[in-house]
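The values are calculated or read from the model by the stated rules, or taken from the named source; none is laboratory data. Quick caveat: nothing in here was measured; it's all calculated off a predicted structure. Here the Cβ positions follow ideal geometry from the backbone for every residue, glycine too, while neighbour counts run over all protein chains shown. Heads up: the accessible areas ignore ligands, DNA and RNA and are worked out on the full protein's heavy atoms, side chains in. Shrake-Rupley method; radii C 1.70, N 1.55, O 1.52, S 1.80 Å.
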Amino acid sequence: MKYLKLIILTAAFITYFLAPRNVQAQTPVSASSIPQNLSTVDVNQLSDAQIGQIVQQAQSSGLSDGQLIEQAQGRGMPDDQLQLLQKRVADYRRKNGIADKSGNGIDTSFQTGRGLNYIADDTTTTKGPNDGPKSHIFGANLFRNKNIKFEPNIKIATPVNYIVGPEDQLYINVYGKSVANWRLEVSPDGNINLPGVGILNVAGKSIEQATSAIKGKLLASNYAVGSGTSVQVSLGNIRSIKVMLVGQVIRPGTYTLPSLATVFNALYAAGGPSDNGSFRQIAVIRNNRVIRHLDIYDFLTKGEQKDNIVLQDQDIIQIPTYRTRVALTGEVKIPDLFEVLPGESLQDIINYAGGFTDNAYTAKIKVVQISDQQKRITDVLENDYKSYTPLRGDKYIVERVLDRYENRVVISGAVFRPGEYELEKGMTLSVLIAHAAGLTEDAFKGHGSITRLKADNSKELIPFSVAGIMNKTGDIALQREDSISIASIFDLRSKYKITIKGEVRRPGTFAYADSMTVEDLIIKAGGFAEGASAKRIEVSRRVNDSDPTSKNSIVAQVFSVNVDAALKGGEADFRLQPFDNISVYSLPGYETQRTVKVEGEVLYPGYYTIQKKDEKVSDMIARAGGLSASADVEGGTLKRSNTAILGADRNKSADTAALARDRAARLSRLKQNYQDTTKIEDTTTMRNDYVGIDLKRILEKPGTGIDLLVEDGDEIRVPKQQQIVRVNGQVLYPSAVVYNDGKTFKDYVLNAGGYSPEALRRGAYVVYPNGTVKGTRKFLFFNSHPSIKAGSEIYIPRKQPPNPNAAQNVLGFTTGLATLGAVILGIISLNK
């Protein structure tokens with residue numbers, strides 16, 4: 001239905017809008033014959049082919065584009081769709097190279113009830129309205145910028161010099177002793193019919209003149225004009241005028257414009273002057289006589305519109321070719337092509353370009369000129385800018401100032417105000433240091449340096465004694481671009497640091513200060529941590545005289561220092577030195593609370609604090625009240641993480657990090673071997689923290705070697721009686737199977753559908769409820785599977801994929817053996 005509607009609408013365009021004018025004149029189209037749905041037409045939905053049909057039919061009917069738009073407007077098309085239709089038609093003509101050959105020029109505007117609106121294409125290029133790069137002709141973008149629109153203001157008060165013409169509408173208001181309000185339209189003969197007064201010709205008169213004529217006519221008809229009665233004449237709906245643009249213009253032709261339109265309005269509608277057109281000698285021709293010349297540069301540079309006059313019907317705007325055009329490039333604010341009028345100088349061109357930039361070299365400008373058969377280059381000095389006459393094809397190049405200084409010296413390092421300074425006449429190094437507010441306290445006075453440019457711009461280094469300069473025992477005269485560097489004593493040594501570790505609140509590295517004590521450093525580190533010992537604090541210090549030839553030579557000095565627990569003062573006269581390392585230890589016997597979690601089938605599950613260092617699993621079960629009646633003692637587990645094993649190290653030592661890395665590597669290898677086994681990754685990660693214990697034997701023989709000591713963070717869990725066995729991995733249907741004491745390993749696998757074709761039977765293993773893992777053993781040619789208990793989990797891994805290079809490896813190996821055998825036989829035969 002959507003496409004059928006478009007076809008009908010296109011046919012409506014061709015049938016009703018594009019009929020020849022003579023046919024329409026003979027057979028007027030009634031209002032009832034116009035399609036009612038035309039107000040809902042979306043021009044965007046019309047294809048290029050449909051637009052082409054409309055253009056071709058209009059051209060064969062003798063209609064211009066403007067007349068086509070006017071007829072579309074008269075049949076109810078909205079203004080926004082009219083504008084879009086006009087643009088689609090113009091785009092179609094441009095893309096297909098079709099000119100408007102209707103004989104009426106290119107009428108690119110249409111009139112609406114609100115006044116005359118017109119559209120011009122965005123012409124921002126030098127090649128055409130919409131193609132090619134941006135124009136570099138000064139002033140061209142004024143007319144080719146779609147964001148700038150020169151539209152006449154039709155809502156302003158009527159200008160007194162407005163010339164009345166046919167189709168204008170005059171509002172005549174008589175008030176005072178006589179009252180009348182007339183709205184009269186000027187006839188094609190230029191007359192208005194004053195009711196009860198008669199015919200009056202107003203065409204060709206200004207509004208001011210027409211007002212005087214109307215007053216005179218009313219006065220002659222016994223209206224008391226002037227003695228208590230006033231007459232006011234204003235313009236109603238304005239008429240349209242036809243203006244022709246010829247010469248070097250982007251889109252020459254005839255344009256329908258409002259009667260208030262000016263020269264700029266017409267130029268914008270036509271796209272402005274072309275690349276060969278003049279922007280400064282645009283002629284307005286009226287009644288075969290040039291009445292004004294328009295210079296667009298006056299508007300661009302001064303904002304003047306003295307020659308931007310209001311147009312009249314049948315005016316002609318003629319744009320000639322330019323006479324002289326020059327290029328100004330380089331360090332000017334608006335580099336562009338500029339048109340030059342007779343009598344103008346190079347200074348005028350610079351003014352049009354907005355003047356020089358901040359980095360311009362203004363002493364002279366390079367000029368590339370055209371001689372008889374070739375080009376030549378010359379310079380124009382600054383004093384000659386106003387007298388130099390630009391020539392055809394001149395190209396002016398404004399260069400940039402050199403990136404160098406004629407009177408600069410630089411000082412850096414240990415002065416209060418480092419930076420760049422002016423090289424004064426006779427300036428010496430001591431004077432420059434004084435300008436830089438003097439040396440800082442940490443300045444190294446033994447040596448400084450001057451980096452100086454030689455005559456060939458190579459650099460040389462001149463050393464000097466900073467102390468000698470300051471004592472006036474020797475001074476150095478400075479030159480342009482000298483760079484002085486004075487080092488700080490801190491720049492010549494490593495930054496002094498000191499480190500504290502152990503039982504302090506903020507262990508780390510701190511800046512060293514002279515006379516710093518251990519107490520000072522502990523305070524910087526936030527004080528002692530809970531449980532820290534103020535006694536036997538160890539200070540390790542670097543040595544500089546270790547004997548490299550001795551195996552037992554001392555590589556560090558170690559001191560044991562006692563301080564006051566309240567940090568009020570410790571051993572006298574012990575001062576730290578740079579790079580010392582301080583270690584603060586815990587109090588002997590200081591222990592933090594350690595807890596063990598007991599859960600599952602015990603009478604009092606929960607968290608229990610370890611009371612003694614030798615407390616064991618059986619002790620925790622006893623403290624939890626023992627096992628409940630439904631406990632599965634054989635399934636009891638002990639979960640212990642690697643960090644719990646080394647839990648006493650609160651700083652996570654390197655041993656802990658190495659253990660974690662080893663654990664990750666083992667898990668990675670295990671996952672690679674069994675990467676396709678169902679849930680193997682999660683189970684492996686979980687089981688890695690479980691210690692396989694025999695809780696039944698532990699409770700039968702408490703305190704023996706199998707009764708493990710508990711650690712901080714341990715979790716002891718006693719499950720309920722188990723009744724199922726899980727079978728996972730490479731079986732046809734991984735399942736949870738009900739436990740039966742009489743079933744074997746193979747029976748449980750068969751209950752899960754049996755082995756899959758990818759199953760690695762000899763790699764099968766069982767994870768028991770207490771975390772213990774047992775694998776399949778090989779006996780002769782048979783697989784000996786582990787026994788199954790309630791709550792166990794059976795895992796069948798996948799076979800490794802065959803190595804595609806195995807046959808090649810075997811072939812290479814046998815070939816190598818054959819070659820080696822041949823060599824040995826050859827050697828034996830030679831020996832014989």
- Restricting attention to segment 690-737, which residues are in contact with a strand residue (DSSP E or B) (Cβ under 6 Å, 6 or more places away or on another chain), of a type in the set (Val, Ile, Thr) and touching a residue at least 60 places away in the same chain (Cβ under 8 Å)? VAL691, ILE693, VAL710, ILE716, VAL718, ILE724, VAL725, VAL727, VAL731
- Subset of segment 675-698, residues in a helix (DSSP H, G or I), open to solvent by 60 Å² or more (accessible area, probe 1.4 Å) and at pLDDT 85 or above, comes to LYS696, ARG697
- Item | Residue pairs meeting the criteria (Cβ under 7 Å; at least 6 apart or on separate chains; first over 24 Å from ILE163 (Cβ atoms), in segment 289-315; second open to solvent by less than 30 Å² (accessible area, probe 1.4 Å) and among the β-branched types (Val, Ile, Thr)) | none
- Here, strands (runs of 3 or more DSSP E) confined to segment 469-541 with at least 3 residues that are charged (D, E, K, R) are none
- VAL410, sole failed condition from (1) closer than 30 Å to ALA487 by Cβ; (2) modelled with pLDDT under 95; (3) assigned to a strand (DSSP E or B); (4) open to solvent by 20 Å² or more (accessible area, probe 1.4 Å): (2)
- Message: Looking at segment 330-340 only, could you name the residues that are open to solvent by 40 Å² or more (accessible area, probe 1.4 Å) and of a type in the set (A, V, I, L, M)?
- Response: ILE334, LEU337
- Members of segment 413-435 that are of a type outside the set (Gly, Ala, Ser) and open to solvent by 20 Å² or more (accessible area, probe 1.4 Å): PHE416, ARG417, PRO418, GLU420, TYR421, GLU422, LEU423, GLU424, LYS425, THR428, VAL431, HIS435
- Among (1) assigned to a strand (DSSP E or B); (2) in contact with a Pro (Cβ under 9 Å, 6 or more places away or on another chain), the one test that GLY271 misses: (1)
- Task: State all residues of segment 349-390 that are open to solvent by 90 Å² or more (accessible area, probe 1.4 Å) and assigned to a loop (DSSP other than H, G, I, E, B); if no residue qualifies, say none.
- Result: ASP358, ASP372, GLN373, GLN374, LYS386
- Out of segment 588-615, which residues are closer than 19 Å to VAL633 by Cα, part of a loop (DSSP other than H, G, I, E, B) and touching a Leu at 6+ places or on another chain (Cβ under 9 Å)? GLU601, LEU603
- Query: Quick check: is even one residue across segment 528-535 free of Cβ contacts under 8 Å to residues at least 40 places away in the same chain, farther than 30 Å from ALA629 by Cα, crowded, with 17+ Cβ neighbours inside 10 Å and not hydroxyl-bearing (Ser, Thr, Tyr)?
  - Reply: yes
- For ILE484, all conditions in the list (1) over 19 Å from GLU406 (Cα atoms); (2) in contact with a helix residue (DSSP H, G or I) (Cβ under 7 Å, 6 or more places away or on another chain); (3) of a type in the set (Val, Ile, Thr) hold save one; what is the number of the exception? (1)
- Those residues of segment 279-298 that are part of a loop (DSSP other than H, G, I, E, B) and out of contact with any helix residue (DSSP H, G or I) (no Cβ under 9 Å at 6 or more places or on another chain) come to a total of 4
- If you go through segment 156-167 one residue at a time, do you hit one that is within 18 Å of GLN312 (Cα to Cα), at pLDDT below 80 and either touching a Leu at 6+ places or on another chain (Cβ under 7 Å) or assigned to a helix (DSSP H, G or I) (or both)? yes
- Looking across segment 391-407 at residues that are closer than 15 Å to PHE356 by Cα and part of a strand (DSSP E or B), the single one that is most open to solvent (accessible area, probe 1.4 Å) is ARG400
- Task: Quick one: count up the residues across segment 163-205 that are of a type in the set (Lys, Arg) and over 17 Å from GLY216 (Cα atoms).
- Result: 1
- Item | Those residues of segment 311-348 which are farther than 27 Å from VAL290 by Cβ, in a strand (DSSP E or B) and charged (D, E, K, R), in sequence order | ASP336
- Task: Scan ARG493, ARG506, ARG480 and give me the residue that is over 30 Å from VAL563 (Cα atoms), basic (Lys, Arg) and modelled with pLDDT of 90 or more.
- Result: ARG480
- The one condition THR473 fails out of (1) open to solvent by 80 Å² or more (accessible area, probe 1.4 Å); (2) polar (S, T, N, Q); (3) under 30 Å from SER583 (Cβ atoms) is (3)
- Task: Tell me which residues, restricted to segment 54-70, are at pLDDT 70 or above and open to solvent by 30 Å² or more (accessible area, probe 1.4 Å).
- Result: GLN56, GLN57, GLN59, SER60
- Message: Looking at segment 235-261 only, could you name the residues that are open to solvent by 40 Å² or more (accessible area, probe 1.4 Å) and closer than 30 Å to SER178 by Cα?
- Response: ASN237
- Working only within segment 740-750, note down all residues that are in a loop (DSSP other than H, G, I, E, B) and touching a residue at least 12 places away in the same chain (Cβ under 8 Å). LYS743, THR744
- Query: Hey, among VAL766, VAL727, VAL737, which residue is β-branched (Val, Ile, Thr), within 57 Å of the chain's Cα centre (by Cα) and either part of a loop (DSSP other than H, G, I, E, B) or closer than 30 Å to PRO605 by Cα (or both)?
  - Reply: VAL766
- Only one of these is of a type in the set (Val, Ile, Thr), farther than 24 Å from GLY502 by Cβ and free of Cβ contacts under 8 Å to residues at least 60 places away in the same chain: THR609, THR595. Name it. THR609
- Query: Has segment 701-724 got any residue that is at pLDDT 90 or above and over 23 Å from PRO769 (Cβ atoms)?
  - Reply: yes
- Message: Between GLY753, GLY703, GLY713, which is touching a Phe, Trp or Tyr at 6+ places or on another chain (Cβ under 7 Å) and either assigned to a loop (DSSP other than H, G, I, E, B) or closer than 24 Å to ARG640 by Cβ (or both)?
- Response: GLY753
